[in-house]
Amino acid sequence: MGSLQHCCCQLPKMGDTWAQLPWPGPPQPAMLLVSLLLATGLMHSDAGTSCPVLCTCHNQVVDCSSQRLFSVPPDLPMDTQNLSLAHNRITAVPPGYLTCYMELRVLDLRNNSLMELPRGLFLHAKRLAHLDLSYNNFSHVPADMFQEAHGLVHIDLSHNPWLRRVHPQAFQGLVQLRDLDLSYGGLAFLSLEALEGLPGLVTLQIGGNPWVCGCTMEPLLKWLRNRIQRCTADSQLAECRGPPEVEGAPLFSLTEESFKACHLTLTLDDYLFIAFVGFVVSIASVATNFLLGITANCCHRWSKASEEEEI
């Protein structure tokens, strides 16, 4: 596709456009009208920017999907609202790629080979509402991944099999987020802090992950149970992979009773009892060893005496 060139976000100046037009002699009404029409056409053409090769552009929708692209196309129309780069082989998005496309509302990057996104990618994409990153190779979601993307309503991170970690502040500031899909990844744990700052969350998909339902998962499950009326979750698909005693159990079937052992605390009497038992066991062990020693010694003497009598 060639190297990515930085886009120019400024419209051409009127003076520059007029300077490029032929101007033979004194101004005439007919020539003035023709020049004005040409200048208007030039400005409109520059402002829109032609459609990239291998893409189709129509009604502010740019479709570059399924073109076997290894890099993102440069110089999109500046009024692009819907950009599809799905089903390609893109491995990286350059920093500042979305700087000029402030009208962008939908970005589809599913089914590529992305491992990360550059910091500040959405800094100027204030209107971005739908982001699809499914079927990629993300291994973690860092704290600044969605920085300044406060308008996001839908995020799809499903089917990233190497996704192991979501930073507690990964979704910080996304107060308008309604749909979050983290299904079919490699998550064994998810911090409560990552979700409790999402007041508008309606749909949460977390099934298909190898959840370890230990004590660290209790705060998240308790939060989910309290929000289950407002937050639709794929409860049938979310299962525990460990510890062994709850393997295969539906995540949302676990109750406070399931985590009762996590809250056991020892009192002073418990510690004294344990110390006493330990002392008794130690004395018993010493006595046992003493008796075994005496028995062994007696057996040795008896055996030796028997041998002497035989001689």
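The values are calculated or read from the model by the stated rules, or taken from the named source; none is laboratory data. Since the structure is predicted, the reported quantities are computational estimates derived from the model, not experimental observations. Every residue, glycine among them, receives a Cβ derived from its backbone with ideal geometry; neighbour counts consider all protein chains shown. Side chains included, ligands, DNA and RNA excluded: accessible areas come from the protein's heavy atoms. Shrake-Rupley method; radii C 1.70, N 1.55, O 1.52, S 1.80 Å.
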Checking the a/c ratio against 1.5 first, then a/b against b/c, what shape does the Cα gyration tensor give for segment 157-234? rounded
Under a 1.4 Å probe, counting only protein heavy atoms, Glu193 has an accessible area in Å², nearest 10, of 90
In sequence order, what are the phi-derived ³J(HN,Hα) couplings for segment 102-108 according to the Karplus relation 6.51 cos²θ - 1.76 cosθ + 1.60 with θ = phi - 60°, rounded to whole Hz, with x for glycine and proline? 6, 8, 4, 10, 10, 10, 10
Between segment 66-86 and segment 196-219, what is the separation of their alpha carbon centroids in Å? 33
Dipole in debye (nearest 20) - segment 50-209, about Cα centre, beta carbon charges: Lys, Arg +1; Asp, Glu -1: 240
So who's got an amide H within less than 5 Å of the one on Leu163, skipping anything under 5 residues away but keeping other chains? H placed 1.01 Å off N, in plane. Gly186
Please work out the FRET efficiency for the pair Val286 and Cys215, using the Cβ-Cβ distance as r and a Förster radius of 41 Å; give the result to the nearest 0.05. 0.60
Could you work out how much longer the chain between Ser139 and Met115 gets when fully extended? Use 0.36 nm per residue separation minus the Cα distance between them, nm to one decimal. 8.0 nm
Per residue, the convex hull volume that the Cα atoms of segment 50-209 enclose (Å³): 94
Under the rule of at least 5 residues apart or a separate chain, name every residue whose amide H is placed under 5 Å from the amide H of Trp211. Glu239, Arg241
Karplus couplings for segment 177-183 from phi (6.51 cos²θ - 1.76 cosθ + 1.60, θ = phi - 60°), rounded to Hz, Gly and Pro as x? 5, 10, 10, 10, 10, 10, 6
